[in-house]
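Have a look at the structure below before the remarks.
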Amino acid sequence: MWAFRFTADGAPQALGHDVPLHLDHEGWYWLHFNLADARTLHWLANAEPSPAVRALLLSKETYQQLHGSDACVHGVIADLARDIGGSTEEAGLLRFAMTERLLISGRHQAPHAVDVTRRAIEGGQRVQSAAVLFEQIVENVAEAMERIIEYVMHPGGGRLNPNNPTQTRRIPDAIVFGLRTTTTF
């Protein structure tokens, strides 16, 4: 899907699909993949990540999780799906593996937060490290979720209740919230 090389001062450089990756560069990389693409599956099957990281990136697991080792943090986080009009209310999953000099992310459906982050980088935003980039993605997930939670907290938007014959009562507020997570250490 896309790849960026970041210099030591955080300046981004978009890389074409035909540019070889050299991790000896003084900086770090962000590689984002469409996990439904056969070329991605082939690349990941032959890439350097550990067997556990590769298995998670290629898995079809449908729950959030976080794993860590001395050299890598990897897992699955929730994100909102995106379509042509922007973010939707449909949940999607973002798979990732992060080392000091590399962030690999992937999805089966277009994610909102990753797209917002990518557009900011394409606009010239500097990012100092893979950890800072991942933090930015998580913040974009939280902001998108906040908009939905606010909507669910006020489903009537202050409108009059059409089921009230006197038309003097408003639709009451409600909160619908759910969370499912698994943490493995």
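The values are calculated or read from the model by the stated rules, or taken from the named source; none is laboratory data. All values derive from a computational prediction rather than experimental measurement. When we count neighbours, we look across all protein chains shown, and the Cβ atoms used for this are built from the backbone with ideal geometry, even at glycine. Accessible surface areas use protein heavy atoms only, side chains included; no ligands, DNA or RNA. Shrake-Rupley method; radii C 1.70, N 1.55, O 1.52, S 1.80 Å.
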Give, as a single signed number, the net charge of other residues whose beta carbon lies under 15 Å from the beta carbon of residue 124, with Lys and Arg counted +1 and Asp and Glu -1. +2
At 7 Å along the Cα-to-beta-carbon direction for both residue 69 and residue 47, put a label point, then send me their distance in nm to one decimal. 1.5
Quick check for you: with a 1.4 Å probe and neighbouring chains kept, what is the accessible area per residue of the range 31-108, in Å²? 52
Among rounded, prolate and oblate, which fits the range 15-135 when a ≥ b ≥ c are the square roots of the eigenvalues of its C-alpha gyration tensor, a/c under 1.5 means rounded, and a/b larger than b/c means prolate? rounded
So how far apart, in nm, are the two label points at residue 146 and residue 159 if each is 7 Å from Cα heading toward Cβ? 2.6
Residue 9 to residue 168: extension gain in nm, 0.36 nm per residue of separation minus the Cα-Cα distance? 51.2 nm
